[in-house]
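Working notes for the structure below.
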Amino acid sequence: MDIARLLQQHLSREEVWKLMSDFLKAADKEQHENSINLVARLLFMIKFGDIPHECGGGRHIEWSHGSLVEFVHNYFSHPPACGHERIKLEKSFNALNLQRIAGIQISWTDNLADHLRMVDDDKAVAIFHHASFLEYQLHK
């Protein structure tokens, strides 16, 4: 909880690491890094850092400096590559029909950074499936 509070204070990764030394005195550098990555994963539902022997697919994101909030904002704030002003989708455009009509399978993901990413040689699309997490973020 202490690490989560530090990350939410917009402190840089380096500052969090230094302050952690006060309450995690026996931990080594790798344990500090893994602790920061774990708490960041729990706060944002994004796979931060490469965890050895981790099960499950998806990719991880390397956050090495600056504050976590700034990093996430910069990562997700890139403008769209294609224009979408004139695109209007009907109500029938949903995951079930995407599978039925286009033959694109749904691959559920816990990693928000993988949402709408085409996977398996473009035969499947990753969909972030924790709707309650997203709803909570709207009311925060």
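Read-outs throughout are calculated quantities, based only on the coordinates presented, and are distinct from any laboratory measurement. The shown structure was predicted, so the numbers you read here are calculated from the model rather than taken from an experiment. All Cβ positions, glycine included, derive from the backbone under ideal geometry; neighbour counts span all protein chains shown.
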Give me the percent of DSSP beta bridges within the chain that run antiparallel, rounded to the nearest 5. 35
So what's the gap between the Cα centers of segment 108-140 and segment 1-79, to the nearest angstrom? 20
Return a whole-number percent for the relative contact order of segment 95-138, with Cα pairs under 8 Å and 6 or more residues apart as the contact set. 33
Once you order the gyration tensor axes a ≥ b ≥ c over the Cα atoms, which shape class does segment 76-140 get: rounded for a/c under 1.5, otherwise prolate or oblate by comparing a/b with b/c? rounded
Restricting to Cα pairs below 8 Å that are 6+ residues apart, what does the relative contact order work out to for segment 65-140? Please round to a whole percent. 19
Dipole-positive endmost among Thr109, Ser35, Trp17 within the chain (Cβ charges, Cα centre): Thr109
Suppose a student asked you for the relative contact order of the chain, using Cα pairs under 8 Å spaced at least 6 residues apart; what percent would you report? 19
Just check segment 2-76 against the gyration tensor rule for me: Cα atoms, a ≥ b ≥ c as the square roots of the eigenvalues, rounded for a/c under 1.5, and otherwise prolate or oblate depending on whether a/b exceeds b/c. oblate
